[in-house]
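Every number here is computed from the coordinates shown, using simple stated rules; none is lab data. Values in this document were obtained by computation on a predicted structure and should not be read as measured data. Cβ placement follows ideal geometry from the backbone for every residue including glycine, while neighbour counts extend to all protein chains displayed.
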Amino acid sequence: MQKLKKISIQTIRKILQKKGYKVLKKNDSSYNFYYTAFAGLLLISFFYTVPIVISAYYKVFEKNKIVINTSNKNFNRVLTGKEIEIEKSTENDEVDYNELFVDIFNFDLSEKDTVRLSASTIEQLFKDEDYNLKDIRKNKLVKPISIDILPSEIKTIENTKRRKELFIQIILPLILDENKKIKIERKMLFSILNKNNNSDEEKNWLLSKFKQYGVANKDLTTLKIRMDEIPVSLAIAQAAKETGWGTSRFAQQGNALFGQWTYDGKGIKPAGSEAGDTHKVMKFKILKASVRAYQRNLNTHKSYKKFRKVRAIQRDVYGSLNSLELADCLDKYAETGIEYTKILKKIIEQNKLTDFDDAKILPSSQREKNLI
């Protein structure tokens, strides 16, 4: 047998190259490996560092910084026997009055052609709609019936129970509706607080609420404290006290349910005022505007800072509001001070007004139902 000739690697390489094959050196393979590894490392580094850079940008340059909501922390502290961190929910004392009541005055002026219905007509309307307080106390549902002006005949209703029931029936939907608006806005606020970044629309909404609640320096803690509901039983009790269950001159002539003062000359002069007295009782075109102004007053005026502080604690710790405790914080609402708060609590208890604190007004549209 003929011996095969030894063929070198170089000879084989030349043969393959002549046939069109590309032959790489071993070093070339190593080079490709290191090149691929280096490129992969660069990509990994890029995607790792980009989120860090973006986060740093928002922290340094973003003007409207949003904080995370920790409103339930006090509840956990109570469960563990620790003291409540009241200093963490401190409201800014400053109040910006520039646009505090703009939406209320615009809302009031937009209501035209209001009609004063008689007491009998209103009572018949409530009967036709099957709207009565007994069912509400049981089912906690209120139909969205809006009465713009108190009937003048309410003063002549001799039966005290009937007069009180009619008064409550008229103002209850108005109070609940305004509370519902605040509840929806508060829900929106917390939704914004729980986001890392916010849209321009959300930022503009926040700016409008800072103005609406007189919040200086865009303080989010202050806005959260001020933007909250007024217990229904407390609002009814104050309206009853201030108007004599709807019979006062201020209520009949100016739809003033809460006796708020004004110094701009657009109000009703109290009887027996001295020559030097410049204050008047604020008047409104419709009752609903009076309710909104009352809520804005309690939610912003410096005299009721204690009220808002206690309300914030109740909200954070218990998740609900106690009108009898909050009534104690309204000693500055009237000149009689503590006696005034005692009367409010008496009205609440004697008329079982706390039955309405957890009542809900039925939505007037599907969109509203989705928001609630």
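Label separation (Tyr318 vs Arg116): 4.0 nm, computed from points 7 Å beyond Cα along the C-beta direction.
Checking every one of the GluC sites (Glu not before Pro) in segment 269-372 against DSSP loop status and a limit of 10 other Cβ atoms within 10 Å picks out Glu274, Glu335. Cross-link pairs exceeding 24 Å between alpha carbons, from the set Lys224/Lys285; Lys183/Lys241; Lys187/Lys305: Lys224/Lys285; Lys183/Lys241. So the label point goes 7 Å from the Cα of Trp261 along Cα→C-beta, right? Which residues of segment 279-318 then have their backbone N under 13 Å from it? Answer for this model: 279-282, 303. The trypsin sites (Lys or Arg not before Pro) found in segment 288-353 that occupy coil by DSSP, while having at most 14 further C-beta atoms within 10 Å, are Lys352.
Solvent-free Debye calculation, one equal scatterer per alpha-carbon of segment 73-371: log10 I(q)/I(0) at 0.12, 0.15, 0.16 Å⁻¹ equals -0.84, -1.33, -1.51. One chain, two ends: Lys181 and Glu335. Fully extended at 0.36 nm per residue, the span grows by 52.3 nm beyond their Cα-Cα distance. Listing Val232, Val310 from fewest to most neighbouring C-beta atoms within 10 Å gives Val310, Val232. Per-residue packing, averaged as other Cβ atoms within 10 Å, sorts the ranges 210-221, 184-195 into the order 210-221, 184-195, beginning with the highest.
Sorted fewest first by neighbouring Cβ atoms within 10 angstrom, Glu178, Glu99 come out as Glu99, Glu178.
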